[in-house]
Amino acid sequence: MRAVVFHEFGGLDVLRVEELEDPQPGPGEVVIDIAASALNHLDVDVREGISRFPIGLPHVLGIEVVGRISALGDGVGGWAVGDRVMPYLMDTCGRCRYCRTGRESLCLEPGFISFSTSGGYAEKLACSARHLMRVPDELTDEAAAALQIAFGTAWHMLFTRGGLRAGETVLVNSVGSGIGSAAVQLAHQAGATVIGTASSDEKLARAAELGMDHGVNHAAQDVADEVLRITEGRGADLAYEHVGGKLFQQALDSLCKDGRLVTCGAHAGEVVEFDIIPFFRTQKSVIGSFVYTREEVERCLELARRGKITPLVHRVFALDEAREAMATMERREHFGKLVLMP
Ligand SMILES: [Zn+2]
């Protein structure tokens, strides 16, 4: 099979298209002929060697995959060659105290697609059959590939970790990103008032079409001042944060008393200061969020099947164009996901 491989950490120039052995399914595994694989910012950190995940070399990137089953390993039941599937990002153990209580994103011994299997920037992938999800016919390959991480992460952050309820106001940072635009759609569907931030008016206009009620251009406006003005001095109930750096403090300052900030990322600054005194006097909460459960993804697949949410695809690239696809992502000018289709 053809795959995009790197043998050393670094910039775009370490990526090579190479011919690799076809993967074979081990016991309990399937081989998927990959139809579409979405890019994620984590891919850049993995390629540069700064992801803080243990990454072996050589490495094939790509954690978000949709395709058709082309081979079944021993002991695989319930699946057939030709089924269109996506593997849940994590290969959880199924035995630890978190897996046994439906909180698999806390698994003590998780594998991950591309870290503990081969990756999605390729023609084929072998992975465990235990965590496959069926892709509804209503979704195209590229739309399905764009759904899991954006909407699964957004669901887990907004509802499971953030406790968002109808009638609340949520501040969504960076609405132009995959998880930002997904959060706008899910929060709008749930009956929340959505205030979004972005670095350009163009991205804010796109987010308004997805259900964002108010936009703040954080390159030109003070986020906390604007949120307080929009909420008539009250502040947001929930801040959906995944940027880090100064937007983290600004999101915290945008909250009402007893407000919650939920975070899952920090590309703009992984270590931040925040002022502890007003934080505890206003009884705010900062909540971490990581990945999502398979059930949460299945809920999002159902919403997408019914046309209630739309996975956004900015552009599709061929496997040979992986460098260009990653370069496009690193420029951060896209709205929606970038997808490789071998
Ligand atoms: Zn586990």
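The values are calculated or read from the model by the stated rules, or taken from the named source; none is laboratory data. Here the structure is a predicted model, which means the values were calculated and not measured. Reconstructed Cβ throughout: ideal geometry from the backbone, glycine too, with neighbour counts over all protein chains shown.
Would you be able to tell me the number of residues in region 105-141 that are within 24 Å of VAL46 (Cα to Cα) and charged (D, E, K, R)? Total satisfying the criteria: 3. Looking at GLY196, GLY176, just one residue is under 22 Å from the mean Cα position of the chain (by Cα) and assigned to a loop (DSSP other than H, G, I, E, B), and that residue is GLY176. Based on what the data block shows, is ARG52 of a type outside the set (A, V, I, L, M, F, W, C) and free of Cβ contacts under 8 Å to residues at least 24 places away in the same chain? Spelling it out, ARG52 is indeed of a type outside the set (A, V, I, L, M, F, W, C) and free of Cβ contacts under 8 Å to residues at least 24 places away in the same chain.
Does at least one position in region 302-321 carry a residue that is of a type outside the set (Lys, Arg), free of Cβ contacts under 8 Å to residues at least 60 places away in the same chain, surrounded by fewer than 20 Cβ atoms within 10 Å (Cβ to Cβ) and touching a Gly at 6+ places or on another chain (Cβ under 9 Å)? Yes, there is a match, as at least one residue in region 302-321 is of a type outside the set (Lys, Arg), free of Cβ contacts under 8 Å to residues at least 60 places away in the same chain, surrounded by fewer than 20 Cβ atoms within 10 Å (Cβ to Cβ) and touching a Gly at 6+ places or on another chain (Cβ under 9 Å). The set of residues in region 76-116 that are in contact with a strand residue (DSSP E or B) (Cβ under 8 Å, 6 or more places away or on another chain) and either outside any loop (DSSP other than H, G, I, E, B) or without any contact (Cβ under 8 Å) to a residue 12 or more places away in the chain (or both) comprises ALA80, ARG84, VAL85, MET86, PRO87, MET90, ASP91, GLU104, SER105, GLY111, PHE112. Go through region 269-298 and report how many residues are within 25 Å of HIS131 (Cβ to Cβ) and of a type in the set (S, T, N, Q). Residues that pass the stated criteria total 2.
Could you go through region 65-81 and let me know if any residue there is among the hydrophobic types (A, V, I, L, M, F, W, C), within 16 Å of the ligand (Cβ to nearest atom), under 15 Å from the mean Cα position of the chain (by Cα) and closer than 19 Å to LEU147 by Cα. Among the residues of region 65-81, not one is among the hydrophobic types (A, V, I, L, M, F, W, C), within 16 Å of the ligand (Cβ to nearest atom), under 15 Å from the mean Cα position of the chain (by Cα) and closer than 19 Å to LEU147 by Cα, which makes the answer no. Just to check your reading of the model, which residue among HIS7, HIS59 is over 22 Å from ARG294 (Cβ atoms) and touching a Pro at 6+ places or on another chain (Cβ under 6 Å)? Just one listed residue meets the conditions, HIS7. Taking the listed residues GLY62, GLY73, the one that is within 25 Å of ASP43 (Cβ to Cβ), in contact (Cβ under 8 Å) with a residue 24 or more places away in the chain and touching a Gly at 6+ places or on another chain (Cβ under 6 Å) is GLY62, with no other qualifying. With respect to the conditions (1) among the β-branched types (Val, Ile, Thr); (2) part of a loop (DSSP other than H, G, I, E, B); (3) under 27 Å from THR140 (Cα atoms); (4) out of contact with any Gly (no Cβ under 8 Å at 6 or more places or on another chain), ILE50 falls short on a single one, namely (3). When we screen VAL272, VAL316, VAL286, VAL216 for residues that are among the β-branched types (Val, Ile, Thr) and under 30 Å from ASP137 (Cα atoms), the only hit is VAL316. Close contacts from region 197-219, counting a first residue that is touching a residue at least 40 places away in the same chain (Cβ under 8 Å) and a second that is hydrophobic (A, V, I, L, M, F, W, C) and assigned to a strand (DSSP E or B), with Cβ to Cβ under 6 Å and a gap of 6+ residues or different chains, come to THR197/VAL216; MET212/VAL194. For region 126-138, indicate whether the set of residues that are surrounded by fewer than 16 Cβ atoms within 10 Å (Cβ to Cβ), under 30 Å from PHE6 (Cα atoms), within 16 Å of the ligand (Cβ to nearest atom) and at pLDDT below 90 is non-empty. Within region 126-138, not a single residue is surrounded by fewer than 16 Cβ atoms within 10 Å (Cβ to Cβ), under 30 Å from PHE6 (Cα atoms), within 16 Å of the ligand (Cβ to nearest atom) and at pLDDT below 90. Among the residues examined, GLY180 does not qualify as over 26 Å from GLU333 (Cα atoms) and small (Gly, Ala, Ser).
Of the residues contained in region 66-75, none is found to be of a type outside the set (A, V, I, L, M, F, W, C), out of contact with any Leu (no Cβ under 6 Å at 6 or more places or on another chain), at positive phi and modelled with pLDDT under 95. Taking the criterion of being within 14 Å of the ligand (Cβ to nearest atom), of a type outside the set (Ser, Thr, Tyr) and surrounded by 19 or more Cβ atoms within 10 Å (Cβ to Cβ), the residues of region 100-113 that qualify are GLU104, CYS107, PRO110. Put simply, of SER51, SER37 the only residue that is closer than 25 Å to THR328 by Cα, at pLDDT 95 or above and hydroxyl-bearing (Ser, Thr, Tyr) is SER37.
Scanning region 85-98 for residues that are near the ligand (Cβ under 8 Å from one of its atoms) and crowded, with 19+ Cβ neighbours inside 10 Å gives a single hit, THR92. Does GLY119 fit the bill of being more than 10 Å from the ligand (Cβ to nearest atom), touching a Gly at 6+ places or on another chain (Cβ under 8 Å) and either of a type in the set (Lys, Arg) or in contact (Cβ under 8 Å) with a residue 60 or more places away in the chain (or both)? Yes.
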